[in-house]
Structures are given as structure tokens and as C-alpha cells.
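Data first, discussion second: the structure below is written as C-alpha cells.
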Amino acid sequence: MINRRSILKMSGAAAVSSFVPHFAIAQSSSLVDAAKAAGQNQVVISSGSGVFGKMMNELFFQQFTKETGIRVIAVEADYARLKAMIQMNAVEWDIVYLPRELALGAEFKPHLEELGKNCEQLPNVSTEGVEGSCVGEVGVLWDQGGLVMTYDERAFPGGGPANWVDFWDVKRFPGPRSLPTDDSALEVLMVALIADGVPLEKLFPMDLDRAFKKLDELKPNIAVWWTSGDQSQQLFRSREVVASAMWNGRASRLQREGVPVRFTWDGATYESQTFCITKGAPNPLAAKALLNFVYTRPEAHAEFVKNMFYALPNKNAAAFLDPEFASTLVTASDNLSKVAIMDAEWIQANRAAVTERWTAWISE
């Protein structure tokens, strides 16, 4: 399991110039020249959609094309389609956007390009990125956040639940709850164990019997099992629930809208996404040039963070963030020390069994 102390620390970065360092420009230029010499004038990247995709395009992809002439074609991430491409040995995407656990798991890792020790093939990752930016030598770290316990302050004017133990306490903190299902089943099982008193460092190997038994206690109080981030927000806007697990970026966006919710990092599940280059990619050199480029320009990283509420890996970005705002991110040291980290190896080995058991339990 990864050591949480080694995962990013943006909040302590010193002030820096807003210009990209000369060596970073030089390193990016050499990769761009190699791509063009090979006739690779475009790169296809699977990425997030919606506001996320818009921000990536405006802050990174358009700028990359403007500076290099290499076109970026962004498509929505789709794991099922990626698996189909791999099975048919016909990969169309150069760069894929994968959760850390999938990038490190046996299902995808063998089909990702090795980037060298400390991702040495992408020099800016080591010079511009925070500690831990190279993920398993097959990916580069991108956005980081977590599933946090969130409650409606209007429902608890005297103070609401402070952690997952309180979330389960429907007598002290009455009212309908919500939790995610399907793709987030593992995270829900993790928080159930935390609510039952399991220390963060002992969540894996996961005691599934204990986790499901704890969930049995709360199940009658779950008004909605949400399946999308938009839905998790709407439940608070319409006041259908008083407390829920939700992504920190969604909770922060509700706060910006004026919806009086409060969330905590105590026992939150740490989530990080990676960008990886596929083996057999049509444009591998252009892909390397793009990934090397996105690690530069700390102001762009900071602008993304301010709009999306998820931390990015440029180590100098914190200089362009308000310290109070930075303290709300998962990478703030006080928050990082409280989060639960997934065990990628255990998840890979047990994902199918967990999914089968969850599907049966949720339909009971």
C-alpha cells in the first residue's frame, strides 16, 4: 500500500515566477521535435468530460497545440471501450485517463508504455512535479481528491456529523442519507469499516463480512443510492437528504453555489487519476510531448484547481493559490494525514468478487 506521507504536498511550495523555466521549455521542445520528425502531428487522449474536459482543453490542450502545432483530440474516457481495443489489438487512443488503482492493476498495466525509472522519458515530471508524480513507471499523476462525508448545515444548526461514525449514528443525527453505488462500491465498503472502528492503515485486506454487516445497519436510512456526481449535488439542492458521501469537488461546488453544506476529510477515501500512454499507440512520441508539457505552467494548474477543487501535480502551483483555499484540498498536510488509501493489489485481486457480492446485496 502506498505511504500517504509520500503523496503530494502542494501547500508548502515556495513562490515562483509565472514563466515556464527555460529547461522545461527545452525538454518539451526536444520531445516535440522528435514527434514531428516521426510525422506524429496529432495525439488522441481519453479524458474527463463536462467542465473537466472544458478546463483541460482551455488550459492545456489548446495551449499545447498553439505552441507546438500538434493537434489534440480529446475523447471521453471509457474503460469498456479501452478493454475492447486491447483485446482486438487495435488501440486508437494514445493517452488514457485511469484511476491509480487501474493503472497499477494487472488488467491494464501490461498494456501501458513503461516511462522509465521516475518517468525519466518525461523530464518535466521529475523537475516540475510533486513527489509521487510518476505512478508505477507507467503513468503520471493528475487530479487528486476524495470521497468525503458531507452534511447539510440547515438540518443540523447545532453542528452535524463529524465523521463516518457520526454518519452511521441516525439517533444523534437523524435524517435520510445517501451513498454512491456501482463504481464506488469499494469506497463505500471502506467507509463502512471506518465507521465500525477499523484503523485507516488496517482497511486492507478488507474484511467484507464486517463491512457488509455494518452497511446492513444503515441501509434502511439510505434514501438514495446515487450514480453520478450531478445527482449527489441535486440531492442537497432539493433537500432530499441531510448527509451523504460525495466527491470533494462536488461538495465545494455546492458551497460556491451557496448551498450550506460542510464536509470533512476525516476518513475520506483518497482518489487520484493518472494519464498513461497505451502500448501500440498511433502517436507515442506526440503523447510523450503532451504529457511532458502539461506538467509545466503552474498558473494553469492553479487555475484548474480553483475551478475544479481537485489538486494537480505541478509543485509550484501552490504559489498561485490562496492559502485558505489550499487548506481545503486533499493535499493539505492536515487533510492528507486523515484519508484512507486504497490497496491497488488487493483491489485488483478481489474486484470481481466484491462486485458480485455488492450487486447481490444492493438488490436485496
Among 139, 50, 229, residue whose mean-square fluctuation peaks in a GNM of the chain (springs only between Cα atoms under 10 Å): 50
Low-density loop cleavage sites - GluC sites (Glu not before Pro) in the range 268-321, where at most 10 other Cβ are within 10 Å (DSSP): none
Relative contact order [Cα under 8 Å, 6+ residues apart], the chain, whole percent: 31
Prolate/oblate/rounded call for the range 156-258, Cα gyration tensor, a/c under 1.5 rounded: prolate
Assigned charges on the beta-carbon of Lys, Arg, Asp, Glu; the chain dipole about Cα centre (debye): 340
Cysteines without a disulfide-compatible partner [the chain; Cβ-Cβ under 4.7 Å]: 276
Cα-based shape type of the range 272-324, given that a ≥ b ≥ c are square roots of the gyration tensor eigenvalues and the cut on a/c is 1.5: prolate
Heavy-atom accessible area per residue - the chain, 1.4 Å, Å²: 43
Euclidean distance of C-alpha centroids, the range 99-153 and the range 242-264, integer Å: 26
Amide H contacts of residue 264 (H built 1.01 Å from N, under 5 Å, at least 5 apart or other chain): 149
Whole-Å semi-axes of the ellipsoid equivalent to the range 184-321 (Cα gyration tensor, √5λ, descending): 33, 22, 15
Interatomic Cα distance distribution for the chain, bins of 10 angstrom, percent: 5, 24, 32, 24, 11, 3, 0
On Cα atoms only, tilt of 344-362 relative to the major axis of the chain in degrees: 40
All aspartates and glutamates inside 15 Å of residue 171 as judged from Cα atoms, apart from same-chain residues fewer than 8 positions distant: 217
Percentage relative contact order, the range 220-315, counting C-alpha pairs under 8 Å, at least six apart: 20
Value at 222 nm in deg cm²/dmol, rounded to 500, when DSSP H runs of n ≥ 4 in the chain each add -39,500 (n - 2.57): -11500 deg cm²/dmol
The chain, accessible surface, carbon-and-sulfur percent (1.4 angstrom probe): 49
For the range 36-145: rounded, prolate or oblate by the Cα gyration tensor [a/c cutoff 1.5]: rounded
Listed pairs 54/338; 117/202; 66/288 exceeding 26 Å between Cα atoms: 54/338; 117/202
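The values are calculated or read from the model by the stated rules, or taken from the named source; none is laboratory data. Since the model is a prediction, treat every value here as computed from it, not as a measurement. Backbone-built Cβ (ideal geometry, glycine too); neighbour counts: all protein chains shown. These area figures cover heavy atoms from the full protein model, side chains too; ligands, DNA and RNA do not enter into them. Shrake-Rupley method; radii C 1.70, N 1.55, O 1.52, S 1.80 Å.
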